[in-house]
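Chemist: Here it is, the structure, as structure tokens.
The values are calculated or read from the model by the stated rules, or taken from the named source; none is laboratory data. Not measured: the values here are computed from a predicted model. Cβ atoms come from the backbone with ideal geometry, glycine included; neighbour counts cover every protein chain shown. Heavy atoms of the whole protein, side chains included, go into the accessibility calculation; ligands, DNA and RNA do not. Shrake-Rupley method; radii C 1.70, N 1.55, O 1.52, S 1.80 Å.
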Amino acid sequence: MADDTDLTFDPGLEHVLAAETRLSTIDGEAGELVIGGFPLAELASNATYEEALYLLWNDRLPTSEELDDFRASLQPHRELSGGTLAALRETAERGDDAMDAERIGAACATLARGSDAEPEPKRDAMVAVAQLPTAVATYWRLSNGEEPIEPRDDLRHAANYLYMLTGEEPTDEQVRGLETYLCTVVDHGLNASTFTARVIVSTQSDVVSAVTGAVGALKGPLHGGAPGPVLDMLDAIADHGDPEEWLTDRLDSGERLMGFGHRVYRVRDPRAAVLSAAAEQFYADEESAFFDLAKEVESTAVDVLAERKAGRSLETNVEFYTAVLLRGVGVPRELFAATFGVSRVGGWTAHCLEQLEDNRIVRPRSRYVGETDRSWVPVEER
């Protein structure tokens, strides 16, 4: 029997270093996030999604010519295969969740590379990144009784996603808002879905399989499922009229407040600050009341949580202002988690490519705590 007495059991692997990466780093105590060497606010407020993706894949920003070539290399992979379209149509007809559709879109991405094409990591990464927004937009239109819209080669990644959702070319403000969101959440350390992707590709499986597994991990409500319920909470508080009373009643009932608390951050999530600033421009004039409510709910919730959950450090997380920003941009709340995947696929694929640079199969140990002295008894004697 293997000797595991020198191993430390760490549920959730919180204190285990499982990878070295140049992609992103988090300081949970200080509330800082660096992506590809750039402080989050600097990258997210300036970069297009393609620039952030190029940075993660190549460890530097592209020149203007390289950026044009990179965009051109992604565009041919946007169109779905007939098989993918059929699967998404059935998913929509069944009324399945958007995350189910995204997982199906990810798994079917291999159909877009051609029947005689062998898996190739960088090409498969491009296919996965290009296919996911088309799959999500296609599912959304089909689920609403509308036919899918073909992707446009003259639109950038973010703009094309919004266009395929609505059929209308988005405004510059909408595109910049979505670009900021996509760049803000493109990578975030070794979270559950990213770790899943690295484990899968460490077996020398293909990148599309790794992305499919990552989407499955993201579907879990403890990872990517709270932005939509944040809007439900804000709507309920608006109807109620008293944020402090509503929030206190929910805590007294043993319920969680959506958009607060994070496994890593002990202070306000730095992504919340970036997304809050990006969201504010969408809430002028008649919409200002909603943004004002969101700010009041944030402030009140932090105070109430500090009083009721002393020592827990339940500050605002990324999901709170994800909901506020994506609402302003025009993304349906049913697609908030799937749109997170549309962004994070960039980080997943970057981690896959990094893992393959110096690969060792991920194989942690477990400690056996079951019986060891059992003897077999024939079924007729049990």
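Chemist: Before we move on, is ALA272 over 30 Å from GLN204 (Cβ atoms), touching a Phe, Trp or Tyr at 6+ places or on another chain (Cβ under 9 Å) and hydrophobic (A, V, I, L, M, F, W, C)?
Modeler: Against the criterion (over 30 Å from GLN204 (Cβ atoms), touching a Phe, Trp or Tyr at 6+ places or on another chain (Cβ under 9 Å) and hydrophobic (A, V, I, L, M, F, W, C)), ALA272 qualifies.
Chemist: Now for a separate question. Looking at region 181-198, which of the residues that are of a type in the set (A, V, I, L, M) and either open to solvent by 10 Å² or more (accessible area, probe 1.4 Å) or outside any helix (DSSP H, G or I) (or both) is farthest from GLY347 (Cα to Cα)?
Modeler: ALA192
Chemist: Any residue that is part of a helix (DSSP H, G or I) and closer than 21 Å to LEU182 by Cβ - is there at least one of those in region 201-209?
Modeler: Yes, region 201-209 contains at least one residue that is part of a helix (DSSP H, G or I) and closer than 21 Å to LEU182 by Cβ.
Chemist: Applying the selection to region 254-273, what residues are of a type in the set (Asp, Glu) and either within 17 Å of the chain's Cα centre (by Cα) or open to solvent by less than 20 Å² (accessible area, probe 1.4 Å) (or both)?
Modeler: Selection gives ASP269 alone.
Chemist: Pick from LEU74, LEU17: which is farther than 16 Å from ALA350 by Cβ and not charged (D, E, K, R)?
Modeler: LEU17
Chemist: While we're on this one: Can you report the number of residues in region 104-155 which are at positive phi and open to solvent by 70 Å² or more (accessible area, probe 1.4 Å)?
Modeler: Result for region 104-155: 1.
Chemist: Now for a different question. Do any residues in region 175-187 that are more than 11 Å from VAL274 (Cα to Cα) have Cβ atoms under 9 Å from those of residues that are open to solvent by 10 Å² or more (accessible area, probe 1.4 Å) and modelled with pLDDT under 95, where the two are at least six apart or on different chains, and which pairs are they?
Modeler: ARG176/GLN281
Chemist: Sticking with this one: Which condition number does THR84 fail, the rest of (1) in contact with a Lys or Arg (Cβ under 7 Å, 6 or more places away or on another chain); (2) more than 20 Å from ARG176 (Cβ to Cβ); (3) not hydrophobic (A, V, I, L, M, F, W, C) being met?
Modeler: Only one criterion is unmet by THR84, namely (1).
Chemist: All but one of (1) surrounded by fewer than 24 Cβ atoms within 10 Å (Cβ to Cβ); (2) without any contact (Cβ under 8 Å) to a residue 60 or more places away in the chain; (3) not polar (S, T, N, Q) hold for VAL304, so report the exception by its number.
Modeler: Among (1) surrounded by fewer than 24 Cβ atoms within 10 Å (Cβ to Cβ); (2) without any contact (Cβ under 8 Å) to a residue 60 or more places away in the chain; (3) not polar (S, T, N, Q), VAL304 violates only (2).
Chemist: Can you name every residue in region 315-334 that is more than 16 Å from the chain's Cα centre (by Cα), assigned to a loop (DSSP other than H, G, I, E, B) and buried (at least 21 other Cβ atoms within 10 Å of the Cβ)?
Modeler: GLU315
Chemist: Counting only residues that are closer than 13 Å to VAL136 by Cβ and within 21 Å of the chain's Cα centre (by Cα), which one in region 66-90 is surrounded by the fewest Cβ atoms within 10 Å (Cβ to Cβ)?
Modeler: ARG78
Chemist: Scan (1) in contact (Cβ under 8 Å) with a residue 40 or more places away in the chain; (2) open to solvent by 10 Å² or more (accessible area, probe 1.4 Å); (3) touching a Ser or Thr at 6+ places or on another chain (Cβ under 9 Å); (4) not polar (S, T, N, Q) for the single condition PHE290 breaks and write down its number.
Modeler: Single failed check for PHE290: (3).
Chemist: I would also like to ask the following. Pairs, please: C-beta under 6 Å, at least 6 apart or cross-chain, first residue assigned to a loop (DSSP other than H, G, I, E, B) and in region 256-282, second open to solvent by 40 Å² or more (accessible area, probe 1.4 Å) and among the polar types (S, T, N, Q)?
Modeler: Every condition considered, the pairs that remain are ARG266/SER313.
Chemist: Working only within region 342-364, note down all residues that are in a loop (DSSP other than H, G, I, E, B) and either among the aliphatic types (A, V, I, L, M) or touching a Leu at 6+ places or on another chain (Cβ under 6 Å) (or both).
Modeler: Answer for region 342-364, where residues must be in a loop (DSSP other than H, G, I, E, B) and either among the aliphatic types (A, V, I, L, M) or touching a Leu at 6+ places or on another chain (Cβ under 6 Å) (or both): ILE361, VAL362.
Chemist: Open to solvent by 70 Å² or more (accessible area, probe 1.4 Å), modelled with pLDDT under 95 and not hydroxyl-bearing (Ser, Thr, Tyr) - does that describe any residue in region 35-44?
Modeler: No, that holds for no residue.
Here's the yes/no breakdown for (1) touching a Phe, Trp or Tyr at 6+ places or on another chain (Cβ under 9 Å); (2) β-branched (Val, Ile, Thr); (3) open to solvent by 40 Å² or more (accessible area, probe 1.4 Å); (4) without any contact (Cβ under 8 Å) to a residue 24 or more places away in the chain:
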{"position": "PHE336", "(1), (2), (3), (4)": "no, no, no, no"}
{"position": "VAL342", "(1), (2), (3), (4)": "yes, yes, no, no"}
{"position": "GLN355", "(1), (2), (3), (4)": "no, no, no, no"}
{"position": "PRO364", "(1), (2), (3), (4)": "no, no, yes, no"}
